[in-house]
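Quick notes on the structure that follows.
None of the figures in this text is laboratory data; all of them are computed from the coordinates on show. Note that this is a predicted model, so its numbers are computed, not measured. In this analysis, Cβ positions are derived from the backbone assuming ideal geometry, glycine residues included, and neighbour counts consider all displayed protein chains.
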4 protein chains.
Amino acid sequence: METNPSDKPVKGKSPIQSKVSRYTKPDDTLVNVSGIQIGGSDIVIIAGPCAVESREQLFSTSRSVKAGGAAILRGGAFKPRSSPYNFQGMGEEGLKLLSEIRKETGLPIVTEVMDTRQVELVASYADMLQIGSRNMQNYPLLKEVGMSKKPVLLKRGMMATVEEFLMAAEYILSQGNGQIVLCERGIRTFETSTRNTLDLSAVPMLKRLTHLPVIIDPSHGTGLRWMVPPMAKASIAVGADGLIMEVHYKPEEALCDGFQSLSLDEFDLLMADMKKIAKAIGREIAVPKHATV
Amino acid sequence: METNPSDKPVKGKSPIQSKVSRYTKPDDTLVNVSGIQIGGSDIVIIAGPCAVESREQLFSTSRSVKAGGAAILRGGAFKPRSSPYNFQGMGEEGLKLLSEIRKETGLPIVTEVMDTRQVELVASYADMLQIGSRNMQNYPLLKEVGMSKKPVLLKRGMMATVEEFLMAAEYILSQGNGQIVLCERGIRTFETSTRNTLDLSAVPMLKRLTHLPVIIDPSHGTGLRWMVPPMAKASIAVGADGLIMEVHYKPEEALCDGFQSLSLDEFDLLMADMKKIAKAIGREIAVPKHATV
Amino acid sequence: METNPSDKPVKGKSPIQSKVSRYTKPDDTLVNVSGIQIGGSDIVIIAGPCAVESREQLFSTSRSVKAGGAAILRGGAFKPRSSPYNFQGMGEEGLKLLSEIRKETGLPIVTEVMDTRQVELVASYADMLQIGSRNMQNYPLLKEVGMSKKPVLLKRGMMATVEEFLMAAEYILSQGNGQIVLCERGIRTFETSTRNTLDLSAVPMLKRLTHLPVIIDPSHGTGLRWMVPPMAKASIAVGADGLIMEVHYKPEEALCDGFQSLSLDEFDLLMADMKKIAKAIGREIAVPKHATV
Amino acid sequence: METNPSDKPVKGKSPIQSKVSRYTKPDDTLVNVSGIQIGGSDIVIIAGPCAVESREQLFSTSRSVKAGGAAILRGGAFKPRSSPYNFQGMGEEGLKLLSEIRKETGLPIVTEVMDTRQVELVASYADMLQIGSRNMQNYPLLKEVGMSKKPVLLKRGMMATVEEFLMAAEYILSQGNGQIVLCERGIRTFETSTRNTLDLSAVPMLKRLTHLPVIIDPSHGTGLRWMVPPMAKASIAVGADGLIMEVHYKPEEALCDGFQSLSLDEFDLLMADMKKIAKAIGREIAVPKHATV
């Protein structure tokens, strides 16, 4: 029989000797986001708009995704945009709106932090801190959220190997914060018909190498609204612990990523389909908490 | 709302004006491989060894994959290998063994053809002609199988865009042969932990653009035996019309691709899991034909 | 000091044990194309149209590139095109025109062969057989030109590693033909502003690993006429043994690749600049032979 | 003639309407680094160690690169490393050593800044602020150096398109700082024999699209010491305005990137060769300033 170097999960020994490794900690890590557990048997759906744009947009979308079964709410207040002249997010005003709708719906909030100077501010509003793909190797930022007490959603860089992704998580863990969820969101390849190439093989690869939960972002991974449902279903079949999806009450009016955001009706249909796939593999979709008002 | 050029399925107009396009032919094409239909409601499993190595290896593996539920048998007689010093396949002797086991099991045979001069020979034994990924843009070969009456399994080049893949199929169609099954088998990216990056988004993209059936090869797509089952299940959830998988009765002794071949037991387990996913999306796994002895 | 796996030229041992390797044959191979030597001190310029389109186009362009200093004439009679509906070349008629202009100008001819069945025909007209990038892993074709007595111009596949490129040359060498020139012509990457990414680092890498000459195709490598001159100059500075360039007497009317073909004036200017760079590194541009009429 | 969308320099209109664009400002920008001009006729060589490791290492290397003809000194005090357990740089202590050797040699200093909170500190020591490739889309950091008065060396992300690279520069320009030098340092591709693929075509592409100077980093671009000289020579031939290279007095003992650092002797030899190429294209290598003690 031929020998094959790629039969070994990753080259080099670093992840194996590190805190992210299953060799170091064989049991699955459960990440607790204000009462919602990611990494256990239940599959967690995170949904919401790309960016917080207005009270009406956020509240309307949030109420609907909760009704549809999302367990965590997403929404950006600080947005990393390719052009300095694009909408950069509502900033703290957006964080306040997120906080308000959390109170009403009971949904924990995940939102992005881009600057070491803002970690404290964002952590004071959010239940989970998101590190975006452009910042996956922003080491000062990784260290800063590593010193925070909040769980972290770490997105894979669009250019990062699985090994580099794990080393980025190691930066956070090395500061004492082990509540990390890894998110595959598409890598950059030569193919141009999709925005990125969603690498679903990263799920079994990461689950083998690390004890951390792994979720999928089919919205950024494909960049195409109509492609989100089939890729979301495949994500569940491949073993992901959750999904994060962009949903907008009026996608055609969205200030960012409207072309990849599901409408509320599309989200409802997809939830029904995902429940069937989850059942076929012996799992369930996590149920949202009640508001504790 | 922002405008996004990638919202259009492909750039340029060529596929839209071509015979492969859904614009030209909206209804799904059914490909008939000696009685097994690909592209209909039932999902077709193609299984067998990478290469025909010996009577014992082929016959033992073939009987088992049929018992496990495979509807078509795969096995290479002419093998494209990176090195001229590697095993190049058994040639016509391998074709004869394939023909013999077809008679016994009733399973139709798919096998690769690499040379325009061999199309007639291979077509005299096989039920379906495979064009390998390295030959996806071998235009004389595409034209030659286009003039054959046999159905064609066309594998995506590891460097080919979806648009180029469709243009390769168009070469076959332009010669009058419309019995073509497209096969995604992994693309080459910067990621090195897997052999290739299996692009499952190609399934919904291709199903939208063309009427031809689309199947997945998770063996070459990942290069890792343990990763074949999760990716096979995801392939069904994403909407593939079938799978082609390498199975070997003794993977550790295989002359080629042993590290990515399933054992017979692993294949049986996977078949059971795939049936559940198929059911969850309202489809079924195609049942093999009886031998017509 | 850190250890770095990439400090070793290539992974695996195969090229080192093979006939293409400098370990096997330390001295540079000189490839003799009907009297023009590639791989020695002189840098060889190959120029001409993408495809032979007509007597006037071929003859006019050929006379000019000879006057400008090209030592070998290029021109395609059989063209591999992405679409079956694009111009596919003039076929044998084109070969005859190439043969005629060779007689007049004395320039040896390099032209592509795509089909194992055509090797004998093309070899009966051409001085050098070109294997195009889409056929770099067309193993029956590599073997067939390996059995020919003609020198071979082997183009790198647009997604082939350096190691795979060398193994393709090994296929030719394994059949007894060692007169091979390797040609880097751009690889496929995520960057879309150029047609391909011309990988000039392949020149020193290949020169270190193999004794075969290495040339550059800046026309396909960039796909942009205005970018050919700077990349051609860089190719000489980096140590290439020659260049192959598309030149057309009326680029705006070319049936293929007009947007990347130099005009006759641009070619003349570039030749003057290349001579200066060659001199700065202690080499010269090879002088074309006289017609032997 | 065929039409070709890639004949247009970049897709979309944003760079054309932006401050980085040649449409907005046709004349070349000259960047003044404490008296050394980048972007004019003279080619500027920036050299020095990857990281400041010790007084002896920095001072010995700096004196030698000045003697060899480098006009600007590079050296990292804050190092972005893939692993949190690798040497992270000497921090402010390193900045002080850089400042000391500047006083002795008269060489301006370029050094990396990674954190918005450190921009003021680093700017108080350095003559030029480097934004590393991992931070090319760290927008808060880009804005912060955009508000600084120091010139900026912006490195291309390893998976950034030319268009995204220009938009990153636009972030800096949009804050009022137009003293920006762009640096191509290798992109990530499927090829693994080099650390990255140095994209020399980015030089003519960027020079066409923007008025900003463009330099090359052949050390990171190749990751192989022996490949730095040929790629450096090609960089000059292709039209780069400068080079930045890693040089170490004892490469085999370097704490980072030793395998890609030139020795002092190799640097001297390369400088002599580069002068010849520069002369052949009508340019010169910039002469270092005298120390003003």
Check: When only residues in the range A:220-262 that are in contact with a Lys or Arg (Cβ under 8 Å, 6 or more places away or on another chain) and among the polar types (S, T, N, Q) count, which is farthest from A:ALA77 (Cα to Cα)?
Finding: A:THR222
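Do we find a residue being facing chain A (nearest Cβ under 7 Å) and either among the small types (Gly, Ala, Ser) or touching a Phe, Trp or Tyr at 6+ places or on another chain (Cβ under 7 Å) (or both) anywhere in the range B:212-220? If you could, list the steps in order and put the result at the bottom.
Here is the first cut: in the range B:212-220, the ones facing chain A (nearest Cβ under 7 Å) are none.
Checked against the condition, which is being facing chain A (nearest Cβ under 7 Å) and either among the small types (Gly, Ala, Ser) or touching a Phe, Trp or Tyr at 6+ places or on another chain (Cβ under 7 Å) (or both), the range B:212-220 yields no hits at all.
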Notebook entry, point to check: Among D:ILE244, D:ILE236, which is the only one that is in contact with an Asp or Glu (Cβ under 7 Å, 6 or more places away or on another chain) and not in a loop (DSSP other than H, G, I, E, B)?
Noted result: D:ILE244
Notebook entry, point to check: Restricting to helices (runs of 4 or more DSSP H) lying wholly in the range B:52-153: which have 1 or more residues that are under 20 Å from the mean Cα position of the chain (by Cα) and within 14 Å of chain C (Cβ to nearest Cβ)?
Noted result: B:119-125, B:139-146
Margin query: Going through A:GLU112, A:GLU93 one at a time, which residue ends up being within 30 Å of D:ASN177 (Cα to Cα) and out of contact with any strand residue (DSSP E or B) (no Cβ under 6 Å at 6 or more places or on another chain)?
Written below: A:GLU93
Note to self: Looking only at the range D:154-196, filter to residues that are part of a strand (DSSP E or B), hydrophobic (A, V, I, L, M, F, W, C) and in contact (Cβ under 8 Å) with a residue 60 or more places away in the chain; which one of those is nearest to the other protein chains (Cβ to nearest Cβ)?
What the structure shows: D:ILE180
Check: Which residues, counting only those in the range D:28-85, are of a type in the set (S, T, N, Q) and either surrounded by fewer than 23 Cβ atoms within 10 Å (Cβ to Cβ) or under 30 Å from A:VAL162 (Cβ atoms) (or both)?
Finding: D:THR29, D:ASN32, D:SER34, D:GLN37, D:SER41, D:SER54, D:GLN57, D:SER60, D:SER64, D:SER82, D:SER83
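Every residue, every condition in (1) farther than 23 Å from A:PHE259 by Cβ; (2) among the aromatic types (Phe, Trp, Tyr); (3) surrounded by fewer than 21 Cβ atoms within 10 Å (Cβ to Cβ), yes or no:
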residue	(1), (2), (3)
A:ALA123	yes, no, yes
A:ASP127	yes, no, no
A:ARG156	no, no, no
A:CYS183	no, no, no
A:SER193	no, no, no
Check: Hey, among the residues in the range A:253-276 that are part of a loop (DSSP other than H, G, I, E, B) and more than 9 Å from chain B (Cβ to nearest Cβ), which one's farthest from A:ALA67 (Cα to Cα)?
Finding: A:SER261
Note to self: Here are the criteria: (1) surrounded by 24 or more Cβ atoms within 10 Å (Cβ to Cβ); (2) facing chain A (nearest Cβ under 9 Å); (3) of a type in the set (A, V, I, L, M, F, W, C). Tell me which single one B:TRP226 does not satisfy.
What the structure shows: (1)
Notebook entry, point to check: Within the range C:231-272, which residues are surrounded by 24 or more Cβ atoms within 10 Å (Cβ to Cβ) and either without any contact (Cβ under 8 Å) to a residue 12 or more places away in the chain or of a type in the set (Gly, Ala, Ser) (or both)?
Noted result: C:ALA232, C:ALA234, C:SER235, C:ALA237, C:ALA240, C:GLY242, C:SER261
Next item on the list: Return yes or no: is A:ASP199 at the interface with chain B (Cβ under 7 Å from one of its Cβ atoms), under 15 Å from the mean Cα position of the chain (by Cα) and crowded, with 24+ Cβ neighbours inside 10 Å?
Entry: yes
Margin query: From the list B:LYS207, B:LYS289, B:LYS279, B:LYS250, exactly one residue is more than 8 Å from chain A (Cβ to nearest Cβ), more than 23 Å from B:CYS50 (Cα to Cα) and more than 15 Å from the chain's Cα centre (by Cα). Which is it?
Written below: B:LYS207
Checklist line | Qualifying positions in the range A:210-268 - aromatic (Phe, Trp, Tyr) and touching a Gly at 6+ places or on another chain (Cβ under 8 Å) | finding: A:PHE259, A:PHE267
